[in-house]
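Colleague: Okay, here's the structure, questions in a sec.
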Amino acid sequence: MAASSMTMATGQERKAPRRVLLANPRGFCAGVQRAIDTVEQALSRHGAPVYVRRAIVHNRAVVERLEQLGAVFVQEIDDIPAGAVAVLSAHGSARSVKLAADARGLRMVDAICPLVAKVHAEVEGWYRAGRHVFLIGHLGHPEVVGTLGQVPSGAVSVVSRPADLEALDLPPNSAVAYAVQTTFAMRDADDMVAAIRERFRDVAAPRSSDICYATTNRQQAVEALAASCDLVLVVGDVMSSNARRLTEVAEAAGTPHAVLIAGADDLPLDLLAGAATVGLTAAASTPASAVDAVCAALAAQGFVLEEAEGLAEQVRFKPVSLEPLHPAPESGSLEDRLARLRADIDAALDSAIGHARGRDRRLAEAMRYATIGGGKRFRALLVAAVSDLVGGSYAQALRVGAAIECVHAQSLVHDDLPCMDDDDLRRGRPTLHRKFDEATAVLAGDALLALAFEILADEPTHPDPAVRAQLVLALARAVGQDGLAGGQMMDLYPPAKPSAQDMFECESRKTGALIRFAVEAGTLLGPCSAEERARLLRFAENLGLVFQIRDDMLDSIGDAQVVGKALRKDEAAGRKGATTLLGIEGAARQASELENACQEALSPFGARATPLRDLARFAVSRMH
């Protein structure tokens, strides 16, 4: 009887249904769905072909379906015909990619996931604040590549495990920050953050977690059921980082086996044969059709499907605009144009300074400190705006702008030295000679001045050697006896009783010289008539005076923390500026009259000169 009962019980146990626990949530996230919808809607609106740089998401089945609809996937922007519709992937793209798309005149749509865009903004903000950034992620992953491409080379270190920190030559008192790849494993990210905080005292962190809500939710869901499963199946592409992380999380949570499969054809039949309970989840880039096919195959083998408890995701992202996203560099608000140009100029300067072997590292660091990550880039934007007005190339204007920024930085480095103005702060940071030493500051200034002429004389700046020669000659005059150097001498050794005319002559050279050169250089980059050039140079002359008068006004009424340097030193030294000679109200009236003269000089250009008008308004009303 007992034996019979035992036999019956064993038989019942054998016949007990095997089950599949379906993790919740699983599969597509809002960002992936948004990216796919973008390609589909672009095809519907513009017709085939629509070109997509790299895989829109990491799932081969998704890519193949879009290819059937007419999408053409390419590796690089150069593979896309000029003027075509181009979609950038959800993983985010480097700024250089967008510049290349602009250069080819592509009708570009950026399908970047908003959560990846958040990481880009964080990294760029910390870089501009002067912090070294740790990007916790996997080197070579497209999201990491795109994030690195937002700032100059060397500004970010990619780390994936605590040991990676040991290879970095950063002292413990360094100001650092960290961001996290959105698909990184939560536990691993926590370990990295702890290691960073243990080594560095000044650490800035994201206001909220960088790890994608979908990554977090899917990792937590599979972690909750993994220990009760003999096998966990993760449906996803081998190229998907979040799919691979799900298998790692499942194994860490206690399942004996975690296997990544692309679909029903990849089921591990040997492991399934011995499994009573199977956990099933899917990466955020895995379509529901692939999950459904796996579920059907498991049901056919006798498994009963059970939905595990979990979160119901309600996240929705605003659809990507299908309007062409390749405006000219000077379109949009002044702040938008400045933001883009700052990043592009920083990249150009970093490239020009270079990382060649054999060069002195300290000198290069000092040159970068003086030029990258700070400043209004007002003069560089002038070049770009004038070049665009006369039909010139943005890429060439960018090189000229970089050369101007080298000279401008050199002038500030030397101006701050103890033998000149003896300043401790510049743009809210220690001046170069305080950060390094006086000798390094002098040599860095010399090297930056030489680099400016090197950039202008190099063929990529303009294919016509005569234009390059004109640029070199004009800059030499702008920094010499009749320009910056002469103006600085007038400032250091003014007449005993300077007149307003003396003051304007000094400021015209000291500040106006580089502004005039920026405008003159812009006119050389495209077809420009003699009358147009004369008007633009008249605009530049007045703009230079406006800029310096506003500087004098800020020195009298500005906030040192906002301006970023010590104020009222000229007054203490007995030097007379616009506010001393004209008074605050008189200086303001003079600036307004000069701004009107700027606008009058631009009147024949109509709407094309809007960016230059914006710059004149900025010059007369800026607070720093």
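The values are calculated or read from the model by the stated rules, or taken from the named source; none is laboratory data. Owing to the predicted nature of the structure, the values given are computational and were not obtained by experimental measurement. When we count neighbours, we look across all protein chains shown, and the Cβ atoms used for this are built from the backbone with ideal geometry, even at glycine.
Colleague: Suppose we filter Leu449, Leu432 for residues that are touching a residue at least 12 places away in the same chain (Cβ under 8 Å), out of contact with any strand residue (DSSP E or B) (no Cβ under 8 Å at 6 or more places or on another chain) and surrounded by 14 or more Cβ atoms within 10 Å (Cβ to Cβ); which single one remains? Can you show your working first?
Modeller: On the way: Leu432 fails: out of contact with any strand residue (DSSP E or B) (no Cβ under 8 Å at 6 or more places or on another chain).
After ruling out the rest, the residue left standing is Leu449.
Colleague: I want to confirm something. Restricting to the range 203-231 and keeping residues that are touching a residue at least 60 places away in the same chain (Cβ under 8 Å) and not in a helix (DSSP H, G or I), which single residue is surrounded by the most Cβ atoms within 10 Å (Cβ to Cβ)?
Modeller: Per the stated criteria, the residue is Cys212.
Colleague: What number goes with the only condition from (1) under 30 Å from Pro114 (Cβ atoms); (2) in contact with a strand residue (DSSP E or B) (Cβ under 8 Å, 6 or more places away or on another chain) that Arg245 does not pass?
Modeller: (2)
Colleague: Only one of these is in contact (Cβ under 8 Å) with a residue 40 or more places away in the chain, touching a helix residue (DSSP H, G or I) at 6+ places or on another chain (Cβ under 8 Å) and among the basic types (Lys, Arg): Arg104, Arg54, Arg131. Name it.
Modeller: Details: Arg104 fails: in contact (Cβ under 8 Å) with a residue 40 or more places away in the chain; Arg131 fails: touching a helix residue (DSSP H, G or I) at 6+ places or on another chain (Cβ under 8 Å).
Step by step, each of Arg104, Arg54, Arg131 is checked, and only Arg54 is in contact (Cβ under 8 Å) with a residue 40 or more places away in the chain, touching a helix residue (DSSP H, G or I) at 6+ places or on another chain (Cβ under 8 Å) and among the basic types (Lys, Arg).
Colleague: To continue, here is another question. Could you run through the range 85-132 and say how many residues are under 24 Å from Lys318 (Cα atoms), touching a Phe, Trp or Tyr at 6+ places or on another chain (Cβ under 9 Å) and not in a helix (DSSP H, G or I)?
Modeller: Counting residues in the range 85-132 that are under 24 Å from Lys318 (Cα atoms), touching a Phe, Trp or Tyr at 6+ places or on another chain (Cβ under 9 Å) and not in a helix (DSSP H, G or I) gives 5.
Colleague: Next question, about the same structure. Hey, can you tell me all the residues within the range 135-182 that are among the aliphatic types (A, V, I, L, M), buried (at least 18 other Cβ atoms within 10 Å of the Cβ) and not in a helix (DSSP H, G or I)?
Modeller: Within the range 135-182, Leu135, Ile136, Val151, Ala155, Val156, Val158, Val159, Val176, Ala177, Ala179, Val180 meet the criteria.
Colleague: Among the residues that make up the range 296-318, is at least one of them at pLDDT 70 or above and farther than 30 Å from Leu260 by Cβ?
Modeller: Initial filter on the range 296-318 (at pLDDT 70 or above): 296-318.
Keeping just the survivors that are farther than 30 Å from Leu260 by Cβ gives 318.
For the range 296-318, residues at pLDDT 70 or above and farther than 30 Å from Leu260 by Cβ: present.
Colleague: Follow-up question, since we're still on this one. Give the residues of the range 19-36 that are at pLDDT 95 or above, among the charged types (D, E, K, R) and more than 11 Å from Ala214 (Cα to Cα), sorted by residue number.
Modeller: Arg19
Colleague: Taking Ser393 as the residue in question, decide whether it is among the polar types (S, T, N, Q), assigned by TED's automatic domain parsing to the domain that holds Gly544 and surrounded by fewer than 23 Cβ atoms within 10 Å (Cβ to Cβ). Write out each step before concluding.
Modeller: Details: among the polar types (S, T, N, Q): yes; assigned by TED's automatic domain parsing to the domain that holds Gly544: yes; surrounded by fewer than 23 Cβ atoms within 10 Å (Cβ to Cβ): yes.
Yes: the conditions hold for Ser393.
Colleague: So which of Ala297, Ala290, Ala264 ends up being of a type outside the set (Ser, Thr, Tyr), surrounded by 15 or more Cβ atoms within 10 Å (Cβ to Cβ) and either over 17 Å from Ala61 (Cβ atoms) or touching a residue at least 40 places away in the same chain (Cβ under 8 Å) (or both)?
Modeller: Values: Ala297 fails: either over 17 Å from Ala61 (Cβ atoms) or touching a residue at least 40 places away in the same chain (Cβ under 8 Å) (or both); Ala264 fails: either over 17 Å from Ala61 (Cβ atoms) or touching a residue at least 40 places away in the same chain (Cβ under 8 Å) (or both).
Sole residue among the options that is of a type outside the set (Ser, Thr, Tyr), surrounded by 15 or more Cβ atoms within 10 Å (Cβ to Cβ) and either over 17 Å from Ala61 (Cβ atoms) or touching a residue at least 40 places away in the same chain (Cβ under 8 Å) (or both): Ala290.
Colleague: Out of (1) over 23 Å from Gly310 (Cβ atoms); (2) part of a helix (DSSP H, G or I); (3) outside the structural domain of Leu148 (by TED's automatic domain parsing); (4) not charged (D, E, K, R), the odd one out for Val238 is which?
Modeller: Unmet condition: (2).
Colleague: Quick check on the range 424-433: of everything there that is farther than 19 Å from Asp446 by Cα and in a loop (DSSP other than H, G, I, E, B), which residue is modelled with the lowest pLDDT? If you could, list the steps in order and put the result at the bottom.
Modeller: Filtering the range 424-433 down to residues farther than 19 Å from Asp446 by Cα leaves 424-425, 427-430.
In the following step, the residues that additionally are in a loop (DSSP other than H, G, I, E, B) were identified as 424, 427-428.
Numbers: Asp424: 84, Arg427: 67, Gly428: 72.
Going through the qualifying residues, I end up with Arg427.
Colleague: Follow-up question, since we're still on this one. In the range 51-97, which residues are of a type outside the set (A, V, I, L, M) and more than 30 Å from Leu341 (Cβ to Cβ)? Give the derivation first.
Modeller: Start the filter on the range 51-97 by keeping residues that are of a type outside the set (A, V, I, L, M), which leaves 51, 53-54, 58-60, 64-65, 67-68, 70, 73, 75-76, 78-79, 81, 83, 89, 91-93, 95-96.
Hits for the range 51-97 are His58, Asn59, Arg60, Glu64, Arg65, Glu67, Gln68, Gly70, Phe73.
So that you can scan it fast, the table gives a plain yes or no per residue for (1) surrounded by 22 or more Cβ atoms within 10 Å (Cβ to Cβ); (2) free of Cβ contacts under 8 Å to residues at least 24 places away in the same chain; (3) over 25 Å from Gln181 (Cβ atoms):
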{"residue": "Ser241", "(1), (2), (3)": "yes, no, no"}
{"residue": "Leu269", "(1), (2), (3)": "no, yes, yes"}
{"residue": "Ala273", "(1), (2), (3)": "no, yes, yes"}
{"residue": "Ala276", "(1), (2), (3)": "no, no, yes"}
{"residue": "Ala283", "(1), (2), (3)": "yes, no, no"}
{"residue": "Thr286", "(1), (2), (3)": "yes, no, no"}
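Colleague: Let me ask something additional. I'd like the full set of residues that are more than 22 Å from Val442 (Cβ to Cβ) and assigned to a loop (DSSP other than H, G, I, E, B), limited to the range 382-423. Steps first, please.
Modeller: Going residue by residue through the range 382-423, those that are more than 22 Å from Val442 (Cβ to Cβ) are 382-401.
Residues satisfying the conditions are Val390, Gly391, Gly392, Ser393.
Colleague: Could you grab the pairs with beta carbons closer than 9 Å, sequence gap of 6+ or different chains, first residue in the range 160-174 and free of Cβ contacts under 8 Å to residues at least 60 places away in the same chain, second one among the aliphatic types (A, V, I, L, M) and assigned to a loop (DSSP other than H, G, I, E, B)?
Modeller: Qualifying pairs under 9 Å: Ser160/Leu139.
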